[in-house]
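Right, one structure below, let's go through it.
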Amino acid sequence: MTEGVFKEKIYGPYAETWKILKLLQYAGEGGFSMDQVEDYWKAVEKFANDYQGNEFADFMRRNVLLHADNVIVKMNERGTNES
């Protein structure tokens, strides 16, 4: 895989996944906020549309993005978001 193809097919979706996960940084902290989760799901939907047909992006969506909200919200609710 050339560097250009790697950046397009792997790095692009990876970097976008990170940006989407950042939307959940404070989700569940101090109580559940539906607005935070709605913004997250809108971003996940846009990601799926933007990277349609990209096997790696589909992997990231199915295995990371579709489950991360539950995990991160629970971590924040338990107060495990502190270093």
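The values are calculated or read from the model by the stated rules, or taken from the named source; none is laboratory data. Please read these numbers as outputs of a predicted model, since none were measured by experiment. FYI the Cβ positions are ideal-geometry reconstructions off the backbone, even for glycines, and counts take in every protein chain you see. These accessible areas exclude ligands, DNA and RNA; they are computed on the full protein's heavy atoms, side chains included. Shrake-Rupley method; radii C 1.70, N 1.55, O 1.52, S 1.80 Å.
Structure notes:
- Restricting the range 4-42 to residues that are of a type in the set (A, V, I, L, M) and open to solvent by 60 Å² or more (accessible area, probe 1.4 Å), the residue that is modelled with the lowest pLDDT is Met34.
- Hits in the range 12-30 - residues which are without any contact (Cβ under 8 Å) to a residue 12 or more places away in the chain and over 14 Å from the mean Cα position of the chain (by Cα): Gly30
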